[in-house]
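Working notes for the structure below.
Coordinate-derived values only; no laboratory data. Please read these numbers as outputs of a predicted model, since none were measured by experiment. Methodologically, a virtual Cβ is constructed for each residue, glycine included, from the backbone with ideal geometry; neighbour enumeration extends over all protein chains shown.
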Amino acid sequence: MDYRKRICELINDPLVTETDVVTAAEGHGDFALPCFKYARELRKSPQAIAQDFAARLPECGFIERTEVAGGYLNFYLDRAGRVRDVLTEREGKAELAALRESNAGKTVCIDYSSINIAKPFHIGHLMSTAIGGSLYRIYKYLGWKPVGINHLGDWGTQFGKLLAAYEKWGDKSRPLTLNDMLSLYVRFTEESEKDPELAERGRTEFLRIERGEPDAVGTYELFKSTTLAEVNKVYDRLGIVFDSYNGEAFYNDKMQLIIDELDAKGLTEISDGAKIVRLDDYGMPPCLITRSDGATLYATRDLAAAEYRAKTYRFAKSLYVVATQQNLHFRQLFKVLELMGREWAKDLVHVQFGMVSYEGQPLSTRHGHVVFLADVIENTVSAARRIIEEKNPALENKEETAESVGVGAVMFFALGTQRIKDVDFNYDKVLSFEGETAPYLQYTHARCRSVLAKADKPADYDPALLTDDDSYAVIKLLADWNDTVREAAEKYEPSIVARRLIDIAQAYNRFYISGRIITDDAPLTAARLKLTETVADTLREGLDLLLIKAPDRM
Ligand code: ARG
């Protein structure tokens, strides 16, 4: 039931809208109407306004009492009625069905992970991969059609260098690995500094790829497939999926049209031989379209990619889950598209996130401090295995559980904090069973399931038995679950779901220790089991949105 709407109808004042009614602060009932913003218009104190509203309120079944406190009008609902409403809604999902209906047919493009070929898949990529992967599930849950795009960094002169290095030093007698490519590239960079001929060779090899010479393209494709094979192993482990791997190279033949249009619209100018779009009027440096040698750039490819996505997917929104460092790039990109008259430019969003450090150390690919994501996952899973061995050696499916706990810990690390904040990866912290972590949530979920496994599923329950403060605290947190997920989508912020799960788990654990669930009192047991079941289902559902598995036993 939509209490905000009902309360608003009861107050029945043109000044008051549904969104003015907010969730009450702890200890102040269920909902509150802050009256401060009407003071000017009504020429009265917020306190007096709250009193007026309270006095005018007609009798109604679902509000037990109201209270004026400061400038707030607080609403205490009839708890039993609300318990029934919340649990019925969570089970039947009628609201969710309506929400899905309202989003049906909307497409959201999500550009995430977007790794670079022949470069390490390091822990820095975790954020984009996790946030994008989670938004994919969140939007899908809400009825949207998500399109996951891995905009591969698969074009550039570095592939000529790598090709030259591979031809010169590559061991063709065994399968190529991502590590081989990394060392070949490093070796090329070192040796070409001393050897201009080698540097030249890198350039001509790139031309051969550009011209499509079969052997050169063949090797380039090998670089690509080798990288993808390794990266896909990580994606599989994390439950990450993509609908498209169209990367930078895909737009080779799609940029000229854009460049021609930019020219025709008089947006470009030549500066030192390069073609640029000036953005001085918007307080930004120019956007580089082609270099003086005619080569296109990252931005040129992104212009073509945005256009392609608009035409192909007809998106309602197109997201780019990319680190804050690229903020200028995306502002320029969106502005150029706007100047080109693309009406959909307003639907492009740079979903940015902060920096990751590792055990207190900043990461830098350039200075050699590379931490591979696959290693981090492997280490976390091994640590989880040790913890399980210690805490619960008799557990069945130990391996599967260790995988869920380890991977979950990594995912929650990436998704549990507001994305704009910098985060530091620390094994002890992410694996703690007590902090705000995946293992804590998984453990709480397993705790619920183990209670449920001990009893038969009750046929019905009496909501009046869940009106005590501990039970009701859980109910309130379950109440606006759909709004929570919707808000996470609207703000592109999976941490909103994560936060709510932590709150639910903490409230449930307080409820759990405040009294036994299974007792001789059959009706009380039935009610508490019902609450436990709803919590378990919500935790599982929410964890799934964060790409985290919820094992039944731990
Ligand atoms: N490959 C780029 C990088 O690693 C990220 C690409 C993001 N997506 C985009 N459409 N520009 O920095």
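Distance in nm between label sites at LEU207 and ASN392, each 7 Å beyond Cα in the beta-carbon direction?
Label-label distance for LEU207 and ASN392, simple model: 6.4 nm.
What lysines does LYS194 reach when the alpha-carbon gap must be under 25 Å and sequence neighbours fewer than 8 apart in one chain are set aside?
Those lysines meeting the cut-off are LYS119, LYS161, LYS168.
Which whole-Hz ³J(HN,Hα) couplings does the range 87-98 yield from phi under the Karplus relation 6.51 cos²θ - 1.76 cosθ + 1.60, θ = phi - 60°, glycine and proline marked x?
So the Karplus estimates, Gly and Pro as x, are 5, 5, 5, 5, 7, x, 6, 5, 4, 4, 4, 5 Hz.
How would the range 18-98 be classified by its alpha-carbon gyration tensor: rounded, prolate or oblate, with rounded meaning a/c under 1.5 and the a/b versus b/c comparison settling the rest?
Numbers: a/c = 2.53, a/b = 1.98, b/c = 1.27.
Verdict is prolate for the range 18-98.
Among the listed pairs LYS106/LYS265; LYS224/LYS265; LYS140/LYS311; LYS93/LYS491; LYS5/LYS491; LYS172/LYS254, which have their C-alpha atoms separated by more than 26 angstrom in this model?
Check vs 26 Å cut-off fails for LYS106/LYS265; LYS224/LYS265; LYS172/LYS254.
In what order do ASP281, ASP544, ASP260 fall by count of nearby beta-carbon atoms within 10 Å, going from fewest to most?
By the 10 Å Cβ count, ascending, the order reads ASP281, ASP260, ASP544.
Ranked highest first by average number of other Cβ atoms within 10 Å, how do 136-142, 394-400 line up? Mind dumping the intermediate values first?
Details: 136-142: 22.0, 394-400: 11.1.
Result, highest mean Cβ count within 10 Å first: 136-142, 394-400.
What relative contact order, as a whole-number percentage, does the chain give when Cα pairs under 8 Å and 6 or more residues apart are counted?
Working: 854 pairs, mean separation 79.7, N = 554.
Relative contact order comes out at 14 percent.
First select every other residue whose beta carbon is under 14 angstrom from the beta carbon of HIS28; then total the charges, Lys and Arg +1, Asp and Glu -1.
Local net charge: -3.
Compute the normalised compactness of the range 219-372: alpha-carbon radius of gyration over 2.2 N^0.38 Å, N being the residue count.
After normalising by residue count via 2.2 N^0.38 Å, the value is 1.19.
Of all alpha-carbon pairs in the chain, indicate the percentage at a distance above 31 angstrom.
For the chain, the fraction of Cα-Cα distances above 31 Å is 59 percent.
Show me 106-112, 452-458 ranked by packing, highest mean number of other Cβ atoms within 10 Å first.
Averaged packing, sorted descending, gives the order 106-112, 452-458.
Quick check on packing: order 145-157, 204-216 by the mean number of other C-beta atoms within 10 Å, highest mean leading.
Per-residue mean Cβ counts within 10 Å order the peptides as 145-157, 204-216.
Taking only DSSP H segments of four or more residues, each worth -39500 (n - 2.57), what value at 222 nm results for the chain once the sum is divided by all its residues, to the nearest 500 deg cm²/dmol?
-17500 deg cm²/dmol
Under the definition of Cα pairs under 8 Å and six or more residues apart, what whole-number percent is the relative contact order of the range 391-476?
Values: 36 pairs, mean separation 17.7, N = 86.
In percent, rounded to a whole number, it is 21.
Determine the shape class of the range 345-461: with a ≥ b ≥ c the square roots of the Cα gyration tensor eigenvalues, call it rounded for a/c under 1.5, and otherwise prolate if a/b is greater than b/c, oblate otherwise.
Here the range 345-461 falls in the oblate category.
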